[in-house]
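The values are calculated or read from the model by the stated rules, or taken from the named source; none is laboratory data. This structure is a prediction, so every number in the text was calculated from the model and none was measured. Cβ atoms come from the backbone with ideal geometry, glycine included; neighbour counts cover every protein chain shown.
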Amino acid sequence: MQKAVLKLDVCCERTKQKAMSTVCCLSGVQSVDVKEGKLTVVGEIDAFIIVKKLKKICYTEIITVGPAKEPEKKPEPKPDPKPLQVICHYVPTCSPPYYHNFNGCDGENPHGW
C-alpha cells in the first residue's frame, strides 16, 4: 500500500473534479483527497502512471511517494494477573490406637471390680 502526494495546478472546480474522476478510475486506488492544490492518493498504485494520466488535464508534480501509514493498533490490555490461590488441605496424622495397659492377668477385670 502506497501513499502519493501530488501537486496540481488547477484553475477551476471543473478541472479539479476531472482530475479526481481520472484518478478514481485507475485500478488499485483506495482513496483520493484534494486539499489546497494537493492530491493525495492511497492504494496499490504507481505514481508515474497517475502523473502520466493527470498531465493530460493539468500540470502535475510529484511531492512525495511512500508507504501509507496503517492505523495504529492499540495493544490489547492484559488482564491483571491474579495471585494464585494456595489451597492447603489439613490432613491430621493418624495417632496410634489407644491401648489401656494394666497389670494383671488376662482374665481379671482391669477396673478391679
**Study point:** Meets criteria (at negative phi, assigned to a helix (DSSP H, G or I) and touching a strand residue (DSSP E or B) at 6+ places or on another chain (Cβ under 8 Å)) for ALA4
**Key:** no
Check your understanding: Counting just the residues of the stretch 40-49 that are touching a Ser or Thr at 6+ places or on another chain (Cβ under 8 Å) and of a type in the set (A, V, I, L, M, F, W, C), which one comes out surrounded by the fewest Cβ atoms within 10 Å (Cβ to Cβ)?
Key -> VAL42
Review point. If you check GLU76 against the conditions, is it outside any loop (DSSP other than H, G, I, E, B) and modelled with pLDDT of 70 or more?
Key: no
**Study point:** LYS52 at pLDDT 90 or above, loosely packed, with under 13 Cβ neighbours inside 10 Å and out of contact with any Asp or Glu (no Cβ under 8 Å at 6 or more places or on another chain)
**Key:** yes
Check your understanding: Does any residue in the stretch 1-23 that is surrounded by 14 or more Cβ atoms within 10 Å (Cβ to Cβ) come within less than 7 Å, Cβ to Cβ, of a residue that is in a helix (DSSP H, G or I) and basic (Lys, Arg) six or more places away or on a different chain, and which pairs are these?
Key -> VAL10/LYS16; THR22/LYS53
Check your understanding: Does THR22 satisfy being assigned to a helix (DSSP H, G or I) and either on the phi > 0 side of the Ramachandran plot or touching a Lys or Arg at 6+ places or on another chain (Cβ under 7 Å) (or both)?
Key -> yes
Practice item. Please verify whether the stretch 38-47 includes one or more residues that are modelled with pLDDT of 75 or more and over 23 Å from THR15 (Cα atoms). Key: yes
